[in-house]
Amino acid sequence: MLWFPIMSSALRTVWWEAGQVCLIDQRLLPNETTIVRCSTVEDVARAIRTMQIRGAPAIGCAAAYGMALAAWDAARSAADGDHQRVYDHLATAKMLLDAQRPTAVNLSWATRRVLESTRRLIDPSPEAIAHAALTEAHAILAEDLAMCHAIGRHGVALIPPRGHVLTHCNAGGLATAGYGTALAPIRTAHEQGRPIHVYVDETRPFLQGARLTAWELLQERIPMTLITDTMAGYFMKRGEIDCVLVGADRIVANGDVANKIGTYSLAVLARAHGIPFFVAAPSSTIDLALPNGDAIPIEERSPEEVVTCFGRRIAPEGVVAAHPAFDVTPASLVTAIITEYGVVYPPFDVQLQQVASGSR
Ligand code: MRU
């Protein structure tokens, strides 16, 4: 196990360095800390698709830098000052990046922001477009970090006095520019010296909980217990869980929430046991264009990721497996949504509009 402060200036989730997009290969954690250097937008797209970087806000930040790479690449070859060529290249890059993971809306939100920032230029030379794209990507990263800290400040008040929180997947620093969404109130509570104990679902099949959330919490010395996904009901029934706190990949107009597969089951269990179910997400995760969860595109990943574990087959050859990567929790099962602007309670529709409109 490697120990170092996860959000020190020396180690971040994703960053720009010497004309490259750098990121920690999250497929290799916690056993190896390897930095991936992306030189082209295609490299960034591949890193997102293969989940070298994952988590809705983090892939938004990576995609924003992917747009900046595309802009610099086009600006270099547009020697004749043809800015339309750069705009065309950026539009193609946006399509490529957006297609990699369809459920997390932060991805298309970030690429749109970068594109729009370049379109606002009064004198759009190729170099000016490239500069604007990179400046916007830096802003998206900085804002994401600030939003996560604000989520921590607002969400800490919701953590019950004993502090037994169950979380799913990884909605921590690795899933964002830093500090996390669901892990933000947990971190803040720990920083404030409040009692906290985190039950971490391992999160089959990619094991974001076992590999990433457990790693982050250990780094911070936050007390935790790793459980398999199937143990959640057992611990709830025994009275060991005070609340469930998860992140989100997309929250739509009526408050329905898409998050890592297994989240819906936890919400049903929480309701059956009278336990509050909280969702923590920045405004960049809110998609008012979709009326309800039925309209959310659910990413289907390869069944290979279900029938194998770390490259080793765990189910018989020829078995049929399914792999929806996300599910939708209906708003009726959500107790509150924690955003950077504050905590939103049902009915969610009007307040989500206010949060989304304050986002820019
Ligand atoms: O498939 P992943 O690992 O990208 O899924 C991540 C999640 O579902 C997270 O809970 C969500 O993105 C919120 S991250 C702050």
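Think of each Lys and Arg Cβ as +1 and each Asp and Glu Cβ as -1; about the Cα centre, that makes the dipole of segment 14-148 roughly 400 debye.
Axis angle, to the nearest 10 degrees, between helix 56-77 and the longest C-alpha principal axis of the chain: 10 degrees.
The mean accessible area for residues of the chain, using a 1.4 Å probe and ignoring ligands and nucleic acids, is 40 Å² per residue. Given 20 °C and 1.002 mPa s, how large is the Stokes-Einstein diffusion coefficient of segment 294-360 in µm²/s, with Rh as the Kirkwood radius over Cα pairs? For these conditions, the coefficient is 139 µm²/s. A Förster radius of 51 Å combined with the Cβ-Cβ distance from GLU32 to SER77 puts the calculated FRET efficiency at roughly 0.90. With the gyration tensor restricted to C-alpha atoms of segment 158-357, the semi-axes of the equivalent ellipsoid amount to 25, 22, 16 Å, longest first. With Rh defined as the Kirkwood radius, the inverse of the mean 1/r over Cα pairs, the Rg/Rh of segment 14-148 is 0.97. Taking the chain as the reference, fit the longest principal axis to its C-alpha atoms, fit the long axis of helix 105-119 to the helix C-alpha atoms, and give the angle between the two in degrees, 0 to 90, nearest 10. Roughly 20 degrees, rounded to the nearest 10.
Annotation for segment 206-281: trypsin sites (Lys or Arg not before Pro) lying in DSSP loop with at most 11 further Cβ atoms inside 10 Å of their Cβ are ARG221, ARG238. Under a Gaussian network description of the chain, with springs only between Cα atoms under 10 Å, the residue in ILE298, ILE314, ILE59 that fluctuates furthest is ILE314. Projected over all directions and averaged, the alpha-carbon convex hull of the chain occupies 18.1 nm². Note: segment 104-204, Cα convex hull, 110 Å³ per residue. Label separation (ALA91 vs GLN354): 3.9 nm, computed from points 7 Å beyond Cα along the C-beta direction.
Between segment 293-308 and segment 160-178, what is the C-alpha centre distance in whole Å? If we compute the Cα centre of each part, the gap is 23 Å. Given R₀ = 22 Å, what would the calculated FRET efficiency be for ARG271 paired with ALA315, taking r from the Cβ atoms and rounding to 0.05? With R0 = 22 Å, the Cβ-Cβ based efficiency is 0.10. Taking 37 °C and 0.692 mPa s as the conditions, I'd like the Stokes-Einstein D for segment 66-144 in µm²/s, using the Kirkwood hydrodynamic radius from alpha carbon pairs. Calculated translational D: 265 µm²/s. Note the angle between two axes, namely the Cα long axis of helix 263-272 and the longest principal axis of the Cα atoms of the chain, as a number of degrees from 0 to 90, rounded to the nearest 10. Once rounded, one gets 30 degrees. Note on ASP294 and LYS237: the model spin-label points, each 7 Å out from Cα along the C-beta direction, lie 3.4 nm apart. Taking all protein chains together and a 1.4 Å probe, the residues GLU340, GLU17 rank GLU17, GLU340 from largest to smallest accessible area. With each label modelled as a point 7 angstrom along the Cα→C-beta vector, the ALA139-GLU304 pair spans 4.0 nm. Once you reduce segment 216-250 and segment 320-351 to the center of their Cα atoms, the two points are 17 Å from each other.
The values are calculated or read from the model by the stated rules, or taken from the named source; none is laboratory data. Here the structure is a predicted model, which is why all the values come from computation and not from measurement. Cβ atoms come from the backbone with ideal geometry, glycine included; neighbour counts cover every protein chain shown. Quick note on the areas: whole protein, heavy atoms, side chains included, nothing else; ligands and nucleic acids left out. Shrake-Rupley method; radii C 1.70, N 1.55, O 1.52, S 1.80 Å.
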